[in-house]
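Each remark here refers to the structure printed beneath this line.
The values are calculated or read from the model by the stated rules, or taken from the named source; none is laboratory data. Predicted model, so just to flag it, every value in this text is computed and none were measured. So basically every Cβ, Gly included, is an ideal-geometry build from the backbone, and we count neighbours across all protein chains shown.
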């Protein structure tokens, strides 16, 4: 078992104005009674319970979020507005985007919605990545030295606070439409064989709604001033035209005429009967002035993306001392196609992408005394980023010298992850004199199934190494005849005679899953921690913040011991 102790002790002594005692990342004072109701009477559930503190941070209100010009209405773009935040180009967790804060790795950035984790890069867990910006109350971002309650090895912590219902029914409906007919032509939009139109085809449609208010069932239940809901839906539909320029065999090469192996001479290669059908499935060249010369084939390939995202939130006041909050999010992503260059050869070579994400949880908050609050939180994340191929029989044909576009480049490769992360936390907040204390315990369980099946259909490589002639190949001049057993001069000759340099295939043992779940491995990991932190207001102009956190992370282990057991 791997032990790690994280002790965070920080001191802030900052001069402030007459009404401020200290400078905080999120300057919002909270009493031990919890957050007060808003102007309509509903209760905004605070995720953390006590004022989180850090050495740096950002905060965006609902008004600021709604007024930002976001392309695709993607709230994750808001995260890039925080100082020191950028997209991590060095990797991703579970095939999803990561953000780097202040030069740290993307795996040290943690995200949460209403205090419930939506990522856990420390454990390698799943990720929930989408939310309707109209349903966001505010966004809080912490960076630098973290308070003890954050943990997770985080260099950056971003929390999205969702909107809750009010005493009156309120809602909104939106629809955004964009397509190529509404776009202006840029300098590069010219007529070509790949794009015969004025500009490449493009259609995007975004639509959805939000609604919130009291939960009322006439004659059954009246939840005014007690139970509130807020729901939202957002749909995304896009078809994007992409230009594909490929190198394909010419009509002469399909007949075995090779004029490139020896400049000024021609080889007459006997075409193997097993290769002839493959050559016929390549499209014929159509752009002799293209980058691959007489072998150039240019076309426009449409890539579609479909997303449906939904969430519902419930806030319930059990009594004057108890509150209950619950939220569930769903995000269905289908697309985009990841290899449009291959579908230009054969639609069955497509490798699709889908991700069915779930995130939710609940929190029970009880005010035991005016100075003591208890909060119990349970959450989960479910994410399934997956890249399934359509063709499960055609092996890949690749070329070491890049003479042609690969034929079914994936070779049936299937990759993906089915991630499950469960989180349970108990927090206590206590006010005593000049001390504002918080303590708690947390446990997290990661249950992932990872799939890495590389070329289970098999992969032939032509070129990249020496292969030897299996048949005699005459030349027009007679000077470059290739005899049986001679080294083949190029990958084209090797292809036409069905003589690959290498062949590889991934085979899963019988006790592993086959097909779309090829060679899956159940990865598990657990994390346990407890923390204590205190904000001690020594004087109106001096506040001492200190805390300690202790974490225990287990080693990664495989559920069925298939990756660590000897089998004969």
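Numbers at a glance
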| item | result |
| --- | --- |
| Answer residue from the range 107-125, given it is assigned to a loop (DSSP other than H, G, I, E, B) and touching a helix residue (DSSP H, G or I) at 6+ places or on another chain (Cβ under 9 Å) and is modelled with the lowest pLDDT among those | 124 |
| Hey, residue 357 part of a helix (DSSP H, G or I) and surrounded by 18 or more Cβ atoms within 10 Å (Cβ to Cβ) or not | no |
| Selection status of residue 438, under 17 Å from residue 459 (Cβ atoms), part of a strand (DSSP E or B), touching a strand residue (DSSP E or B) at 6+ places or on another chain (Cβ under 7 Å) and touching a residue at least 12 places away in the same chain (Cβ under 8 Å) | no |
| Filter pass, residue 394 being outside any loop (DSSP other than H, G, I, E, B) and either in contact with a helix residue (DSSP H, G or I) (Cβ under 7 Å, 6 or more places away or on another chain) or on the phi < 0 side of the Ramachandran plot (or both) | no |
| Residue match in the range 501-508 (condition: in contact with a strand residue (DSSP E or B) (Cβ under 7 Å, 6 or more places away or on another chain), modelled with pLDDT of 90 or more and not in a strand (DSSP E or B)) | yes |
| Verdict on residue 265 being out of contact with any helix residue (DSSP H, G or I) (no Cβ under 6 Å at 6 or more places or on another chain), part of a loop (DSSP other than H, G, I, E, B), over 30 Å from residue 395 (Cβ atoms) and at pLDDT 90 or above | yes |
| Residues being crowded, with 19+ Cβ neighbours inside 10 Å and assigned to a loop (DSSP other than H, G, I, E, B) - total across the range 368-383 | 0 |
| Breaking point among (1) at pLDDT below 85; (2) assigned to a loop (DSSP other than H, G, I, E, B), for residue 478 | (1) |
| The lone exception for residue 380 - which of (1) closer than 18 Å to residue 416 by Cβ; (2) within 19 Å of the chain's Cα centre (by Cα) it fails | (1) |
| Sole residue being touching a helix residue (DSSP H, G or I) at 6+ places or on another chain (Cβ under 7 Å) and touching a residue at least 12 places away in the same chain (Cβ under 8 Å), chosen from 500, 474 | 500 |
| Filtered residue count, the range 450-490, keeping only those that are surrounded by fewer than 18 Cβ atoms within 10 Å (Cβ to Cβ) and closer than 30 Å to residue 424 by Cβ | 1 |
| Boolean, residue 292 is touching a residue at least 12 places away in the same chain (Cβ under 8 Å), surrounded by 16 or more Cβ atoms within 10 Å (Cβ to Cβ) and in contact with a helix residue (DSSP H, G or I) (Cβ under 8 Å, 6 or more places away or on another chain) | no |
